[in-house]
Amino acid sequence: MTGGSSYVITLPKNWVESLHIKKNDPLGVLIQPDGTLMVTKNISGDQIQRVKELMVDQQTEPEYFLRLLIGTYIAGYSAIRITTKDRIPGQIRVKLREFSSMVIGPECVEETDQSILLKDLLNPLEMPFENSLKRMFVIVKGMHHDAIESLLHNDHALAEDVMDRDNDVDRLFWLIARQTNMIMQNIHLSRKMNTSIVRMLPHFQVGRIMERVGDHGVRIAHNAMKIKTDDVGDDLSSLILTASEGAIQVFEKSVEAFFSHDLKKANRMIESIHHLEENYNRINSGILSLPTTVAVPIRNIADSIRRTGEYSADIAENVINYEMMVEEA
């Protein structure tokens, strides 16, 4: 303590030197939810510009390179520079175009024979977590409904459309994952997005669950293309429709509980999962007399419907966990 009302903080020398802080440089001191203080050089709260360098050559495997791009994007880098000693291979350029169409934000801003720079042109503040989750919910719910419709009406075009929509779900989830990592690295962003780490992580977890429900919508559509409605029969088709409607109802109500912070509704959805088991057992009993070529796809469809219901219960559990954390925060 100095004087009658001033306090002095002593900073570690190694930390000061590592950030090249000099005499009279301003520093920010932020109070965290748990009462701790965070000292930062970034007093303006501007997004930290991080660039990832990726070296490629003629031997670089294209699919591996694409996975590196996606991982770098999710990690929260603001720019990706791809370089090579000779010329950037054509197959790498193909994957770069594919990557740009798969994600939200990165665009090519510089290009030469030996270098390409992708820069994220999206302001993360323009895409709140809740908006992305609500859009994911609408897409995933539609995918599951249309996948079942494609089975009941032999509509292969609709099944293919369901599989195509999975790309939109992935794009939104990768954006949420990216924003999560960016906030973990820069606490200022959480303040600007009017959120916190306590509130952010449940949104990421629910987004992950929605993405998996979308994957099962794709699985249903894929298996629906292997069989015909006549092979299934009216009774079994009715059982599948009933099971699907039950699972999607739990999914819809669980998401509603998440956004409305309704603990009692979330608990009801968790309890309701046990009542859906009878539908799955009836489907599995109904396929015993069918040929293997029909029984196996239907078994896979029933399993995906079951998993949709179970994942929906996971969302409801997240509601309870989320609300308890918020109360503590």
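The values are calculated or read from the model by the stated rules, or taken from the named source; none is laboratory data. The structure presented is a predicted model; accordingly, all values stated were derived computationally and were not measured. Heads up, the Cβs are rebuilt from the backbone with ideal geometry, glycines too, and the neighbour counts pull from every protein chain shown.
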Q | Criterion: surrounded by 19 or more Cβ atoms within 10 Å (Cβ to Cβ), farther than 14 Å from Glu130 by Cβ and modelled with pLDDT under 95 - qualifying residue of Ala159, Ala177 | A | Ala177
Q | Residue ID - modelled with the lowest pLDDT, chosen from residues in the range 49-73 that are surrounded by fewer than 17 Cβ atoms within 10 Å (Cβ to Cβ) and assigned to a loop (DSSP other than H, G, I, E, B) | A | Gln49
Q) Being out of contact with any Cys (no Cβ under 7 Å at 6 or more places or on another chain), among the basic types (Lys, Arg) and part of a strand (DSSP E or B), is that true of even one residue in the range 155-175? A) no
Q. Just for the range 180-212: of the residues that are polar (S, T, N, Q) and over 22 Å from Thr72 (Cα atoms), which one is surrounded by the fewest Cβ atoms within 10 Å (Cβ to Cβ)?
A. Asn194
Q: Give just the number: which of (1) modelled with pLDDT under 90; (2) within 21 Å of Asn194 (Cα to Cα) does Ser132 not satisfy?
A: (1)
Q: Can you tell me which residue among Ile80, Ile88 is surrounded by 14 or more Cβ atoms within 10 Å (Cβ to Cβ), more than 23 Å from the chain's Cα centre (by Cα) and more than 22 Å from Val169 (Cα to Cα)?
A: Ile88
Q) Considering only residues of the range 74-122 that are part of a helix (DSSP H, G or I) and charged (D, E, K, R), which is nearest to Arg135 (Cα to Cα)? A) Glu98
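For (1) within 30 Å of Tyr311 (Cβ to Cβ); (2) within 15 Å of the chain's Cα centre (by Cα), each residue gets a yes or a no:
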residue: Leu96; (1), (2): no, no
residue: Ser101; (1), (2): yes, no
residue: Ile104; (1), (2): yes, yes
residue: Cys108; (1), (2): no, no
residue: Ser115; (1), (2): no, no
residue: Leu122; (1), (2): yes, no
residue: Glu126; (1), (2): yes, no
residue: Ser132; (1), (2): yes, yes
residue: Met136; (1), (2): yes, yes
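Could you say which residue among Ser132, Ser150 is within 23 Å of Val206 (Cβ to Cβ) and either in contact with a helix residue (DSSP H, G or I) (Cβ under 7 Å, 6 or more places away or on another chain) or surrounded by 18 or more Cβ atoms within 10 Å (Cβ to Cβ) (or both)?
Ser132
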